[in-house]
1. Could you list B:71, A:117, B:64 in order of exposure, starting from the residue whose Cβ has the fewest other Cβ atoms within 10 Å?
2. Suppose each label sits 7 Å from its Cα in the direction of the beta carbon; what would the residue A:32-residue A:161 distance come out to in nanometres?
3. For chain B, just run the numbers: alpha carbon Rg, then divide by 2.2 N^0.38 Å, N being how many residues it has.
4. Gain in length, residue A:116 to residue A:130, computed as 0.36 nm per residue apart minus the alpha-carbon separation, to one decimal in nm?
5. Would you mind getting me the FRET efficiency between residue B:23 and residue B:205? Use the beta-carbon distance for r and R0 = 25 Å, nearest 0.05.
6. Residue B:117 versus residue A:147, label points 7 Å from Cα toward the beta carbon: distance in nm?
7. Students often get this wrong: which residues of region A:243-264 have the backbone nitrogen under 18 Å from the point 7 angstrom along Cα-to-C-beta of residue A:5?
8. Can you tell me the alpha carbon radius of gyration of the protein assembly as shown divided by the globular rule-of-thumb value 2.2 N^0.38 Å?
């Protein structure tokens, strides 16, 4: 039963990595920019929710606070694109990379200044609950994390397949010029993608903070999620989720089997292996661009 | 010709960085017409279309559609006004299916009934697209991608359609096929067209009126029939060879408009 226990905790962690990786992929696909602050978006979303919910701050009802936090992060993503990222339009891609890394630093220290650098836990209605399924002990938080992740991924998948806005986002990412020609307001669509990236990060943050304490530097685990996105193919939504799950599953087993300290290497070792043997990722969706 | 001008361009200027690509172009397209713009590579034809459709911004001059100024509008607002640009080189969405590509052409519209009618109309003109509906658009052949781009443009229910080199890179048979469809669309669906072409022969066959562009400016304009019979057009764009008295080829001489 030891192994099942590791699998379950790995799944829950992997879901959070997967959700952050989803944010990377969303923004990359639609705007060709990699948002290296995605992990810090997650952290900010978590702290906004903690601020709204926890008794020592606002003390709002959890179910009221969660949608507010998600919407706030959506607005944050939208405004960040309109006010900052869009100004770099036409600059080399490296400029956007450095910009988002800088935004990550700013968020880390701003959050630390407002809500302190101490680790904090989100107070959820399901905290501490335990379900015993066939001898495996599952925390309610872990169950919630897995269910919410599956629902959100399914929702996004359908959104891109069926909704007019989702198709417009795909179109704008596949051929920006042609998107202008068919009358898609490309700039607004890109801002909306940033909003979606912010909202998904908020969900990831809420899930993360409900199963363990979070502090401002937690956003750095965005790097791990970046590895997850690379493993998944960096263009595919299901790929991002599965990349996240792989990394989440590998971590506890590496910690169990390897000497202390070595387990942290495992996610990146897997990323390297994938890059060497399957450079386009496990779920490559990108076509080679025709010249 | 009593029909009113749907599209009116006056003294349009546009730049690529410091280079003046469009030098004061004026033209008009009347209701129901096919108007063609002829010219060699680099004459500024594509730039002109991009400036009209709002993908590039105009430095000077005005563009009016049905009397409304559109030269300050964003590209998506111009599509909403009923002007759609079918770009050269088959700019399609390669990973979306053929059907999704066609449907997204109606992005600017919300009249469900009209969209459904136009879908039927588009597939009746391009039956091959209906057969390939579920396939990823990137897997279509060049001619089919060109048809897809035209079909996608039609889905916007355009009052004016700008067509950029629909014959580019296609076999003579396919060029013929596409131009027959364009002519039918013009006659049966009353689509007004502004057609840019290097293939002057087919363009003048379908067009009512033509402009000749060189170095970013209009150098000549007339009824298509008149252009077809003009010595200059025949020599420089239709490839008609003619020996002069001294045995020099006509292309060694100066054009009359210079």
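Quick note: the coordinates plus some simple rules give every number you see, no bench work behind them. Source: prediction; values computed, not measured. Please note: Cβ atoms are built from the backbone with ideal geometry, for glycine as well, and neighbour counts cover all protein chains shown.
1. Starting with the residue having the fewest Cβ neighbours, the order is A:117, B:64, B:71.
2. 2.9 nm
3. Working: Rg = 18.7 Å, N = 258, 2.2 N^0.38 = 18.1 Å.
Output field value: 1.03.
4. Details: separation 14, 0.36 × 14 = 5.04 nm, distance 3.05 nm.
Full-extension gain reported as 2.0 nm.
5. Details: r = 29 Å, r/R0 = 1.15.
That pair, residue B:23 with residue B:205, gives E of 0.30.
6. The answer from the label model is 4.9 nm.
7. A:249-258
8. Numbers: Rg = 29.0 Å, N = 549, 2.2 N^0.38 = 24.2 Å.
Relative to the rule-of-thumb radius for its length, the protein assembly as shown sits at 1.20.
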